[in-house]
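Notes to accompany the following structure.
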Amino acid sequence: MPGSSSGTLLVVVQGAVGGQLAAPYYTEKGLTMGCKVCRYLGWIANPKTRQADPCPECGGRAAPGMPMHEDTILYPTLRKYVRETSPESYLEIGTREGASLATVIVADTDRHIKRLAIVDPWGGDFGGSGRGNHLHIERLLADLKYTGEALFYDDYSRHVLKKVRGCFDLILVDGDHSAPGCLFDMTTSIEKLCVGGLMIIDDVTHPEHSYLMDVVEKFCLEHSDITMIYASTEYSGVAVLQKNKKVESVKNV
């Protein structure tokens, strides 16, 4: 976003693959480039020339970039709260090519995060990567020099989210965008959110999913231990919920 405190050049990489863009993520050293062949995100381009060596994944060339603002409110929101709260654990529902995950890891400059749980079926439906496995995320984490624990749950959240163990300081809900699917992810995740922890829900005002803000607001009303501390309608929208001290939920009748 213009005026970003990081001082990092913000460029959106135009890497059309199957009609979709190769999303970049941003480091303190510069911009990562997305390969226009395989969309791998794991190497840094020169921030002035936006050139990079051949893709280490497939040998393809970096896609050309153009100066723009970030096209989502999610990434600056993730950076803000990672830097302000220093989470030690992170659960991500809906990872795709890893741009959100990388944003979190890069923002965690002091390496507080020691435990990751990643939920994604890696299929081609619902905007998924269609890769079929999480090997590209393992390589991405290695490139980012992440050395903590990373557990992968390679299926839809409705099948595996309840199997995720432990409590998390930060949770991103960016998977099933149907009203029942998002509600399931929030309801199941809230039991895994540490007291004082944050749950971020993406795309709450997206034109194709504009009903999600109503789902989130109703969820907050029905859970007295949850407070919405931030919401934005910019771009596709985002909401940030915080878990307070545990009290019995109040259900609307």
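The values are calculated or read from the model by the stated rules, or taken from the named source; none is laboratory data. What you see is a predicted model; the values in this text were computed from it and never measured. Neighbour counts run over all protein chains shown; Cβ positions are idealised from the backbone, glycine included.
Could you go through the stretch 159-167 and let me know if any residue there is closer than 21 Å to L74 by Cα and either part of a helix (DSSP H, G or I) or in the same structural domain as L91 (by TED's automatic domain parsing) (or both). No, the stretch 159-167 contains no residue that is closer than 21 Å to L74 by Cα and either part of a helix (DSSP H, G or I) or in the same structural domain as L91 (by TED's automatic domain parsing) (or both). Taking every residue in the stretch 96-110 that is under 19 Å from E149 (Cβ atoms) and pairing it with any residue that is at pLDDT 90 or above and aromatic (F, W, Y), at least 6 positions away or on another chain, the pairs with Cβ-Cβ distances below 6 Å are V104/Y90; I105/Y146. Of all residues in the stretch 172-217 being part of a loop (DSSP other than H, G, I, E, B) and of a type in the set (V, I, T), which is modelled with the lowest pLDDT? Per the stated criteria, the residue is T205. Restricting L141, L135, L91 to those that are under 15 Å from the mean Cα position of the chain (by Cα) and farther than 25 Å from M186 by Cβ reduces the list to L141.
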